[in-house]
Amino acid sequence: MQSIREFYKIGNGPSSSHTMGPKRASLEFKETYHEADEYQVILYGSLAFTGKGHLTDKIIQEAFFPKKVEIVFDKKTECKIHPNTMDLKAFKDNKEIGNWRVYSIGGGSIQIEGKAKEEKKDIYPITTLNEIKDYCIKNEITLSDYVYQIEDTEIKEYLSEVWKAMKNAVEEGIKTEGEIPGKLNLRRRAREIYEKTIENESMQMKQSRMLTAYAYAVSETNACGGIIVTAPTCGASGVLPSVLYYLYKEENYKENEIIDGLATAALIGNLVKENASISGAECGCQAEVGTACSMAAAAYAEIKRYSMDQIESAAEIAMEHHLGLTCDPIYGYVQIPCIERNAVASMRAIDSANIAYLVAKSSKISFDMVVDTMYETGKDLQSHYRETSEGGLAKKYCRNKYYNPNLKQESEEASKE
């Protein structure tokens, strides 16, 4: 299992697999075949079906600029290896001089077919939470202590950079208004929710409102292509910052405590990435928002100094109740249901941690078991529920006028596409 530096990545939204990964592949391909005078990129699977909504074509054009690049959206060829597949071809004097097949495997990482996996050193000797727990209990350390023990001496400094980026995304998001790019014509809601006045507002309602505002702030920033942190992905980037910022701003936890929460959250997310998947195109939204919810629940429990069993139970409960969650972004935009879903998951993360505080001792389901279950469930999901925008809400919104007669024009446009 690799360093958490490879897990938390600071960059542009709206999708780590659809923008960060393709951008990285394009830049590396361009550098390798720098003598080419033009390029072609063919997108398959989820990249083809939702690439425009995820700004994949825009980010590829920027990567190859000022060279000419033709982008092809191939929605017919089946992708048997990975749903985020792309072919890159380089031409000089109208002759092909090089080609790569690349898989965008999630979190901004890529795998080039025929080449050894990226030489990122595996530094974690234990890859199940059960074994990590045993080690920590035996050595009387916390999960965050374990991360600091394994990582290099500058890891806290890196986590501080991650936290700064998360804070900026929240704070900029709750004061920014306007419309989110795309034909859904959504307006940004974070500021409105944050500033909303509710007469006789209860503490519980205030918590829900603040968590929603913070999650919307980051998710809207992501949808606009702003700077966010993959946690574990761009599409789920609002969950963890929402919970952490709430603890920091509303409950006055110190930054060093927030850093401990970030370390524990990364460990949980890294275990999912190692043993299952954090890719919506591979396993549905359970792999993205489900993992984010687990991370946030574990971070919350760590910061609250819950027991090791309670932290595991918090992460397990959060994932268990996202099992089967489909990825069906309307028009391929990371907007509906994605933005609202981040807010719901942030509240569910705290609920999961608090339930775990009460029931952890009697739990019969381990975190490792639920991660394995999530992976199997994801593989069983039909492809149109895995980030292709061909099923679920995406299909109903675009093609079924019964649900909203005002969608007639949009439905006709979607049919033509």
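The values are calculated or read from the model by the stated rules, or taken from the named source; none is laboratory data. Worth saying up front: this structure is predicted, and the values here are computed from it rather than measured. When we count neighbours, we look across all protein chains shown, and the Cβ atoms used for this are built from the backbone with ideal geometry, even at glycine. Surface areas here come from the heavy atoms of the whole protein model, side chains and all, with no ligands, DNA or RNA. Shrake-Rupley method; radii C 1.70, N 1.55, O 1.52, S 1.80 Å.
Which residue, of Ile228, Ile268, is of a type in the set (Val, Ile, Thr) and more than 22 Å from Ser144 (Cα to Cα)?
None of the others qualify; the one that does is Ile228.
Answer with yes or no whether Arg209 is at pLDDT 95 or above, under 22 Å from Ala349 (Cβ atoms) and open to solvent by less than 30 Å² (accessible area, probe 1.4 Å).
yes
Quick check on Ile336: is it out of contact with any Ser or Thr (no Cβ under 6 Å at 6 or more places or on another chain), open to solvent by 20 Å² or more (accessible area, probe 1.4 Å), farther than 20 Å from Ser366 by Cβ and touching a residue at least 60 places away in the same chain (Cβ under 8 Å)?
yes
Here is a yes/no grid of residues against (1) at pLDDT 95 or above; (2) among the hydroxyl-bearing types (Ser, Thr, Tyr); (3) farther than 26 Å from Arg386 by Cβ:
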{"residue": "Pro14", "(1), (2), (3)": "no, no, no"}
{"residue": "Ser17", "(1), (2), (3)": "no, yes, no"}
{"residue": "Lys23", "(1), (2), (3)": "no, no, no"}
{"residue": "Asp57", "(1), (2), (3)": "no, no, no"}
{"residue": "Lys76", "(1), (2), (3)": "no, no, no"}
{"residue": "Ala90", "(1), (2), (3)": "yes, no, yes"}
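Can you name every residue in the stretch 22-43 that is in contact with a Leu (Cβ under 9 Å, 6 or more places away or on another chain) and either open to solvent by less than 30 Å² (accessible area, probe 1.4 Å) or part of a strand (DSSP E or B) (or both)?
Within the stretch 22-43, Pro22, Ala25, Ser26, Phe29, Tyr39, Gln40, Val41, Ile42 meet the criteria.
I'm trying to understand the selection: among the residues of the stretch 367-403, which are part of a loop (DSSP other than H, G, I, E, B), surrounded by fewer than 17 Cβ atoms within 10 Å (Cβ to Cβ) and not basic (Lys, Arg)?
Passing the criteria: Gln382, Asn400, Tyr402, Tyr403.
Restricting to the stretch 217-258, name every residue that is in contact with a Pro (Cβ under 6 Å, 6 or more places away or on another chain) and without any contact (Cβ under 8 Å) to a residue 40 or more places away in the chain.
Listed by number, the list is empty, since nothing qualifies.
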